[in-house]
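In what follows, a structure is listed as structure tokens, so that the remarks can point back to it.
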């Protein structure tokens, strides 16, 4: 059996709540288990640290509620590629509620985790062999907060 990689997120608190929230928004997602660490740890006495195993879009994740350690920052984010503007709008609004909307499709959710909500088509447009097309798309994206797929396509087409 090949090894696998499981992204793990350390929350000061509310890891179970965050995992349930994310799972409610994305298909093929669920909270798989929640358990308390049965031993004393640097984060607290036995039972105080929660370990949450969950699945997002069919991929395994893990989270801890283990007290303040390090704050989240932009060095790690989760990117969700969306098929259409309706999905971009839905996830942007839901994940950003109570958080902070940022440039270029980035947001911080109410738990402080960074997300990128982007159309699948963006990566292909940015990789176009025609540097002028890719540049126009990049320039358009850099002016946006929530990404607008129709506007990105217009930039791509030179319209």
Self-check item: For residue 76: the one exception among (1) in contact with a strand residue (DSSP E or B) (Cβ under 6 Å, 6 or more places away or on another chain); (2) within 20 Å of residue 15 (Cα to Cα); (3) not assigned by TED's automatic domain parsing to the domain that holds residue 27
Solution: (1)
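Under 23 Å from residue 31 (Cα atoms) and either touching a residue at least 24 places away in the same chain (Cβ under 8 Å) or surrounded by fewer than 13 Cβ atoms within 10 Å (Cβ to Cβ) (or both): which single residue out of 62, 125, 141 fits that description?
Of the residues listed, the single one that is under 23 Å from residue 31 (Cα atoms) and either touching a residue at least 24 places away in the same chain (Cβ under 8 Å) or surrounded by fewer than 13 Cβ atoms within 10 Å (Cβ to Cβ) (or both) is 62.
Residues are listed down the side, and each one gets a yes or a no for (1) touching a helix residue (DSSP H, G or I) at 6+ places or on another chain (Cβ under 7 Å); (2) part of a helix (DSSP H, G or I); (3) more than 30 Å from residue 73 (Cα to Cα); (4) not assigned by TED's automatic domain parsing to the domain that holds residue 90:
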position: 110; (1), (2), (3), (4): no, no, no, no
position: 115; (1), (2), (3), (4): yes, no, no, no
position: 118; (1), (2), (3), (4): yes, no, no, no
position: 124; (1), (2), (3), (4): no, yes, no, no
position: 135; (1), (2), (3), (4): no, yes, no, no
position: 138; (1), (2), (3), (4): yes, yes, no, no
position: 147; (1), (2), (3), (4): yes, no, no, no
position: 154; (1), (2), (3), (4): no, yes, yes, no
Quiz item: Do we find a residue being assigned by TED's automatic domain parsing to the domain that holds residue 145, without any contact (Cβ under 8 Å) to a residue 24 or more places away in the chain and over 14 Å from the mean Cα position of the chain (by Cα) anywhere in region 91-103?
Solution: yes
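Could we say that residue 79 is in contact with a helix residue (DSSP H, G or I) (Cβ under 7 Å, 6 or more places away or on another chain), outside any helix (DSSP H, G or I), at pLDDT 95 or above and surrounded by fewer than 18 Cβ atoms within 10 Å (Cβ to Cβ) here?
Criteria not met by residue 79.
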Exercise. Run down 39, 19 and say which single residue is within 30 Å of residue 82 (Cα to Cα), not assigned by TED's automatic domain parsing to the domain that holds residue 89 and not in a strand (DSSP E or B).
Key: 19
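The values are calculated or read from the model by the stated rules, or taken from the named source; none is laboratory data. Note that the structure is a prediction, hence the values are computed from the model and not measured. Heads up, the Cβs are rebuilt from the backbone with ideal geometry, glycines too, and the neighbour counts pull from every protein chain shown.
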